[in-house]
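Engineer: First the structure, which I've put down as structure tokens, then a few questions once you've had a look.
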Amino acid sequence: MLTLVNARLIDPETDEARPGGMVIAEGRIQELLTDSTQGRGTGRIVDCDGKWLAPGIIDIGVKIGEPGERHKESFRTAGAAAAAGGVTTMVTRPDTSPAIDTPEGLEFLLRRSVEAGPVRVMPMAALTKGREGAEMTEIGFLMDAGAVAFTDARAVANVRVFQRCLTYAAGLGALIIGHPQDPVLSAGACATSGPFASQLGLPSVSPMAERIGLERDLAIVEMTGARYHADQISTARALPALARAKAAGLAVTAGCSIHHLTLNEFDVGDYRTFFKLTPPLRSEDDRIAMVEAVMAGAIDVIGSFHTPQDEEDKRLPFEEAASGAVGLETLLPAATQLYHAGHLDPTALWRALSLNPARLLGLEAGRLRPGAPADLVLFDPDAPFVLDRATLRSKSKNTPYDLRRMQGRVLATWVGGREIFTRETR
């Protein structure tokens with residue numbers, strides 16, 4: 001039995017931030033406490049000192065290096081980073097080497113995640129064999145083996161193949177995660193087209209490539225009736241198509257990377273490859289549009305899109321360097337910038353970080369209610385610090401927030417009522 005008292009409960013389901021506490025037993029929330037009932041706590045009692053107590057983050061789109069690239073990230077190091085970042089469930093991508101496209105590969109991944117990691121792991125499987133966009137995977141068998149969604153983690157260029165995949169997935173109720181970028185227009189690009197990219201001399205892509213890719217995907221969703229989630233919307237030009245699809249009643253949701261909510265194209269000005277992402281960083285107008293879309297609920301999910309890359313792959317000329325940034329440990333402090341800037345209140349923030357991902361995947365987590373899993377994070381939104389990438393728990397240290405002044409620290413994380421992280425200075 002564990003009782004957490006003197007907390008500020010952040011409840012995205014009821015849209016309330018209120019003083020209180022909770023009793024935890026057998027891995028679940030047994031009872032929510034108010035100011036007047038907190039004295040009834042039993043078992044071990046933890047004083048939260050007025051800090052935020054919220055559902056643990058469910059992070060969709062996490063890249064793990066197992067199998068094939070364990071030197072970049074393992075389940076052990078990713079789990080440690082997730083726990084320190086308040087992430088209690090990692091929804092992992094299948095773009096490993098080899099790709100997770102068979103039940104056997106999926107079973108290996110699940111076994112390794114249980115052996116090595118302290119947080120929950122829910123794997124996505126590849127939509128096409130080898131992620132080559134030519135032949136559909138065995139979606140039904142992969143669902144039976146534990147796949148929660150299907151994605152190639154890049155656009156499927158062949159429209160006919162993509163249509164067949166969505167038709168089959170619709171019959172099984174499977175969730176498809178799309179990456180809405182036109183693959184031909186985006187090929188070789190590492191910046192967003194415009195005067196700044198031209199000044200830097202970098203190969204660039206128009207934001208229209210995202211709109212074209214999304215419009216294509218949504219047309220096939222309308223044709224097939226499949227469940228579809230656009231993993232990274234990053235431009236204002238894509239939002240009207242998304243709004244039309246939702247208004248038409250299609251089973252469509254969308255996410256945005258925390259990097260595209262807090263950074264813009266000018267951050268690549270010194271050619272620092274930690275800022276090389278896919279899709280590339282956008283204009284400030286696009287960044288503001290994404291923040292407003294999260295505020296309005298047009299963007300449902302915020303994710304880290306944790307993509308570890310080692311020094312050898314990043315210490316290259318900008319055009320040649322690998323894309324991606326780690327984000328498990330920095331997701332919540334970076335997202336707190338949106339709160340301190342007055343864009344999102346705490347419940348709206350946790351709706352995008354936890355409740356909406358839970359709803360999308362049909363999970364019980366993401367809520368503060370009796371009977372829900374006790375997957376929780378205790379967070380101090382006001383604690384200042386300077387991020388030193390050398391202290392990150394991920395094997396790879398490719399964060400764009402290195403040496404940035406940030407505000408907001410995870411103090412403790414629980415999974416199933418078990419404390420898996422405690423900050424020493426708490």
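Values in this text are rule-based calculations from the coordinates and carry no lab data. All figures in this text were calculated on a predicted structure; none of them were measured in a lab. Every residue, glycine as well, gets a Cβ built from its backbone with ideal geometry; the counts of neighbours run over all protein chains shown.
Engineer: So for the chain, averaging the separation of alpha carbon pairs under 8 Å that are six or more residues apart and normalising by length, what relative contact order in percent results?
Structural biologist: Over the chain, the number comes to 20 percent.
Engineer: Now a separate question. Between Gly225, Gly297, Gly43, which gets the highest mean-square fluctuation from a Gaussian network model of the chain, Cα cutoff 10 Å?
Structural biologist: In the Gaussian network model the winner is Gly43.
Engineer: Enumerate the calculated ³J(HN,Hα) couplings along segment 20-35 in order (Karplus 6.51 cos²θ - 1.76 cosθ + 1.60, θ = phi - 60°), each rounded to whole Hz, writing x wherever the residue is Gly or Pro.
Structural biologist: x, x, 7, 10, 10, 8, 6, x, 10, 6, 8, 7, 8, 10, 9, 4
Engineer: Give the peptides 366-373, 258-265 in descending order of average Cβ contacts within 10 Å, highest first.
Structural biologist: Going by the mean number of other Cβ atoms within 10 Å, highest first, we get 258-265, 366-373.
Engineer: Report the charge-dipole magnitude of the chain in Debye, nearest 20, computed about the Cα centre from +1 at each Lys and Arg Cβ and -1 at each Asp and Glu Cβ.
Structural biologist: 340
Engineer: Would you work out which of Thr413, Leu175, Ser206 lies farthest towards the positive end of the dipole of the chain? Charges go on Cβ: Lys and Arg +1, Asp and Glu -1.
Structural biologist: Thr413
Engineer: So, one more: If amide H atoms are built 1.01 Å from N in the plane of the peptide, which residues on other chains or at least 5 residues away come under 5 Å of the amide H of Gly133?
Structural biologist: Close amide H contacts, sequence-distant or interchain: Thr128.
Engineer: Then there is this: Applying the Karplus parametrisation 6.51 cos²θ - 1.76 cosθ + 1.60 with θ = phi - 60° to the phi angles of segment 146-155, what ³J(HN,Hα) value in whole Hz is obtained for each residue in order, glycine and proline being reported as x?
Structural biologist: My calculation for segment 146-155 gives x, 5, 9, 6, 9, 7, 9, 6, 6, 5 Hz in order.
Engineer: Something else now. Angle check, please: helix 331-340 long axis (alpha carbons) against the longest principal axis of the chain (alpha carbons), in degrees 0 to 90, nearest 10.
Structural biologist: Helix 331-340 sits at roughly 80 degrees to that axis.
Engineer: With springs only between Cα atoms under 10 Å apart, run a GNM on the chain and tell me which of Gly194, Gly408, Gly79 wobbles the most.
Structural biologist: Its mean-square fluctuation being the largest, the pick is Gly194.
Engineer: Among Gly61, Gly188, Gly255, which one shows the highest mean-square fluctuation when the chain is modelled as a Gaussian network with alpha-carbon springs under 10 Å?
Structural biologist: Highest fluctuation of the listed residues: Gly188.
Engineer: Hand me the tally of lysine pairs in segment 57-356: alpha carbons under 19 angstrom apart, and the pair either on different chains or 8 or more positions apart.
Structural biologist: 7
Engineer: Turning to a different aspect of this structure: Lys51's amide H: which non-local residues (gap 5+, or another chain) put their own amide H closer than 5 Å, with H modeled 1.01 Å from N in plane and none for Pro or chain starts?
Structural biologist: Arg8
Engineer: Please work out the Cα convex hull volume for segment 357-410 and give it in Å³ per residue.
Structural biologist: Cα convex hull per residue, to the nearest whole number: 132 Å³.
Engineer: Something else: What is the angle, in °, between the Cα long axis of helix 75-84 and the longest principal axis of the Cα atoms in the chain? Nearest 10 is fine, range 0 to 90.
Structural biologist: The helix 75-84 is inclined about 60 degrees to the chain.
Engineer: Indicate, rounded to the nearest 5 percent, the antiparallel portion of the DSSP beta bridges found entirely in the chain.
Structural biologist: Roughly 50 percent of the beta bridges in the chain run antiparallel, per DSSP.
Engineer: Around Glu31, which amide H atoms from residues at least 5 apart in sequence, or from another chain, sit under 5 Å from its own amide H, with H modelled in the peptide plane?
Structural biologist: Val23
Engineer: Cα centroid distance between segment 261-315 and segment 88-122, in Å?
Structural biologist: Using only Cα atoms to place each centre, the spacing works out to 25 Å.
Engineer: For segment 287-426, what percent of Cα pairs sit more than 17 Å apart?
Structural biologist: 67
Engineer: Also: More than 31 angstrom separation, counting every C-alpha pair in segment 57-356; what % is that?
Structural biologist: Tail of the P(r) past 31 Å holds 24 percent of the pairs.
Engineer: List, in order, the whole-Hz ³J(HN,Hα) value for each residue of segment 287-292 obtained from phi through the Karplus relation with A = 6.51, B = -1.76, C = 1.60 and θ = phi - 60°; use x for Gly and Pro.
Structural biologist: 4, 4, 4, 5, 4, 5
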